[in-house]
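Encoded as structure tokens, the structure appears first; notes follow it.
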Amino acid sequence: MKLPTRTEAADMLALAAPIAALQLGMMLFGVVDMMFLGRLGPSAIAGVGVANAVYFGLFIAGLGALLGIDTLASRAWGAGQPAVAAGVFVHALALALCVAGVAFAGTFLAGPFYGLMGVDPAVAATASEFLGVLRWMMFPGLVFVACRQYLQAQDVTRPLMATVAAGNALNAFLNWVFIFGHLGSPALGVRGSALASLTTTTVMMAAV
């Protein structure tokens, strides 16, 4: 197997590093949420963890339907066919909304799923409270993914990195406001964390 030259390795690193940084930035959202939710006690953490298992299971299934954007859009751009790439993006947005609708509907099966798995009723109640808000994030979340994949295919990563960095700061601020009731907001507890995530994701979607 031929090893990449120094120039090729540098080019791959230049392409991969921003994408890796983006993934790391997305992972930080969950870390920030748990830092704030930890102050509500173990029951809140358990409930949110159970809710996230359902939400992200469905979200990742939807995400899988959108991963072809990179290949199709990058081929079109590489062939000098921006109109074809734009068509890929339009179809990706439509697909994202359709998949989000199916995943959104799937979250309503969470209650019976908790019962089937023998989840503690108190934890299940917290999970349902959290998921009742978070399920709406399917729509801006998957549209954001479609936009992100399309921009990555054009090697446009700096705006994405700036959006994710600003999103982390906004998410931390909104968690502080909504969970504990600062700046005139009612103390919403776990629902406040879900609302912070929903608001932040919607803003990020609009930004990209």
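How big is D for segment 139-191, in µm² s⁻¹ as a whole number, if Stokes-Einstein is applied with the Kirkwood radius of its Cα pairs at 37 °C and 0.692 mPa s?
Numbers: Rh = 12.8 Å.
Answer from the Stokes-Einstein relation: 255 µm²/s.
If you count only protein heavy atoms with a 1.4 Å probe, what accessible area per residue comes out for segment 114-203, rounded to a whole Å²? Present the calculation step by step, with values, prior to reporting the outcome.
Values: 3680 Å² over 90 residues.
On a per-residue basis, 41 Å².
Work out Dmax and Rg for segment 72-128 from the C-alpha atoms and quote the Rg first, both in angstrom.
Rg then Dmax for segment 72-128, in Å: 19.9, 57.
Suppose every Lys and Arg Cβ carries +1 and every Asp and Glu Cβ carries -1, with no other charges. What dipole size does the chain come out with about its Cα centre, to the nearest 20 debye?
On the way: 8 positive and 7 negative charges, 28 e Å.
Using Cβ point charges on Lys, Arg, Asp and Glu, the chain gives about 140 debye.
Taking only Cα atoms, what is the 0 to 90° angle, nearest 10, from helix 138-153's long axis to the longest principal axis of the chain?
20
Taking the solvent-accessible surface of protein heavy atoms with a 1.4 Å probe, what is the per residue accessible area of segment 26-107 in Å²? Can you show the working numbers first?
Values: 4210 Å² over 82 residues.
With the other protein chains kept in place, segment 26-107 gives 51 Å² per residue.
State the Cα centre-to-centre distance between segment 132-184 and segment 22-64 in whole Å.
Between the Cα centres of segment 132-184 and segment 22-64 lies a distance of 13 Å.
Using a 1.4 angstrom probe on the protein heavy atoms only, line up THR200, THR5 by accessible area, largest first.
Details: THR200 0, THR5 65 Å².
Result of the area sort, largest leading: THR5, THR200.
Can you give the direction-averaged projected area of the convex hull of the alpha-carbon atoms in the chain, in nm²?
Values: hull surface 56.4 nm².
Taking the Cα atoms of the chain, their convex hull projects to 14.1 nm² on average.
Would you mind calculating the relative contact order of the chain from Cα pairs under 8 angstrom and at least 6 residues apart, reporting the percent as a whole number?
On the way: 231 pairs, mean separation 60.1, N = 208.
Here the relative contact order equals 29 percent.
With angles folded into 0 to 90 degrees, how steeply does helix 82-106 sit against the dominant principal axis of the chain? Use alpha carbons for both and round to 10.
20
Leaving ligands and nucleic acids out of the surface, order MET12, MET34, MET138 by accessible area at 1.4 Å, largest first.
Details: MET12 105, MET34 65, MET138 0 Å².
If we order MET12, MET34, MET138 from most to least accessible, we get MET12, MET34, MET138.
Please give the helix 42-64 orientation as an angle from the longest Cα principal axis of the chain, in degrees from 0 to 90, rounded to the nearest 10.
30
For the chain, set up a GNM with springs between Cα atoms under 10 Å and report which of LEU174, LEU58, LEU188 has the largest fluctuation.
Greatest mean-square fluctuation among the candidates belongs to LEU188.
In deg cm²/dmol and to the nearest 500, what is the mean residue ellipticity at 222 nm of the chain if only DSSP H runs of at least 4 residues count, each as -39500 (n - 2.57), divided by the residue total? Intermediate values should be presented prior to the final figure.
On the way: 9 runs with 169 residues, N = 208.
Per the formula, -27500 deg cm²/dmol.
Between CYS98 and ALA122, what is the label-point separation in nm under the 7 Å Cα-to-beta-carbon projection?
4.5
The values are calculated or read from the model by the stated rules, or taken from the named source; none is laboratory data. The model shown is predicted, which means the values in this text are computed figures rather than measured ones. As a convention, Cβ positions derive from the backbone with ideal geometry for all residues, glycine included, and neighbour counts pool all protein chains shown. Side chains included, ligands, DNA and RNA excluded: accessible areas come from the protein's heavy atoms. Shrake-Rupley method; radii C 1.70, N 1.55, O 1.52, S 1.80 Å.
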